[in-house]
1. Note the full-extension length gain between residue 71 and residue 16 as 0.36 nm times their separation in residues minus their Cα-Cα distance, in nm to one decimal.
2. Quick check on packing: order 68-81, 99-112 by the mean number of other C-beta atoms within 10 Å, highest mean leading.
3. Taking 0.36 nm per intervening residue step and subtracting the Cα-Cα distance, what contour gain separates residue 34 from residue 106 on full extension?
Amino acid sequence: MKIKIEYAKDNATKEDIMALKAFIEKKNGGSIKKVELASKKAKKGEMGPGIVSGLTALIGSATGPLTTIAEALVEWVRLKRSEIRITGVSGAEICISGKVKNDDLHQAIEKFFIQEKENSKTGAKREKKSTPPPPPPVKEEEKK
């Protein structure tokens, strides 16, 4: 299973991401097959690869490696006071903040894994839907 790991608020520098990569590799007990830098696609008119935006990790198809990564990320988030998002290939997502409890984390991982598995079986891919604009304010005349 391939997952993407990135800062939730998109405010990380390349150095932050490199440090996170080293941290995950250090915490890896052999359950993570590969951790690489991921970059955004270059915008129209830009040359070369895009800006480094996060990491991709290749893990086995069991919840153990995902739990290993998530627990390492909880520790990282508490140290750096940030928020991290893990996204699966089919769109399943977990957000990890410093306030997460272990029981909640394990439940979220199980739900993530189940959703990712089901989406992969059915070939479903999350659609990016834009948020609808708020309704226009009610005019004074219409209120009466």
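Read-outs: derived from the displayed coordinates by stated rules, not from any lab. Remember, predicted model here, so these are calculated numbers, not experimental data. Reconstructed Cβ throughout: ideal geometry from the backbone, glycine too, with neighbour counts over all protein chains shown.
1. Values: separation 55, 0.36 × 55 = 19.80 nm, distance 1.82 nm.
Extending this stretch completely gives an extra 18.0 nm.
2. Averaged packing, sorted descending, gives the order 68-81, 99-112.
3. Extra length available between residue 34 and residue 106 comes to 23.7 nm.
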